[in-house]
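Okay, structure first, notes after.
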């Protein structure tokens with residue numbers, strides 16, 4: 001997709017994307033996880049209640065939360081969270097310990 005082409009699969013705008021230090025130190029390409037987040041794939045092991053809350057948040061302009069297990073070494077994964085603020089101005093990538 002070209003940079004100026006609209007992404008029709010997105011449910012909402014991410015706004016300015018930032019990452020916390022702990023997430024940056026993982027050395028992971030977060031683009032696929034940001035795409036999943038924007039498309040309504042709320043991640044790994046998110047329970048039904050949280051998934052339903054996100055579905056409502058998309059429609060009503062509330063805060064959106066996703067959680068993903070990302071590969072960091074051979075067989076090791078780390079958990080990241082992606083949070084888009086209610087006004088859609090900022091999306092933050094962080095580790096749970098940074099919340």
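No value in this document is a laboratory result; all are computed from the given coordinates. Computed from a prediction, not measured in an experiment: that's the story for all the values here. So basically every Cβ, Gly included, is an ideal-geometry build from the backbone, and we count neighbours across all protein chains shown.
Structure summary
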read-out: Criterion (more than 10 Å from the chain's Cα centre (by Cα), without any contact (Cβ under 8 Å) to a residue 60 or more places away in the chain and on the phi > 0 side of the Ramachandran plot) met by exactly one of 61, 40; value: 61
read-out: Out of 24, 35, sole residue that is under 15 Å from the mean Cα position of the chain (by Cα) and over 11 Å from residue 93 (Cα atoms); value: 35
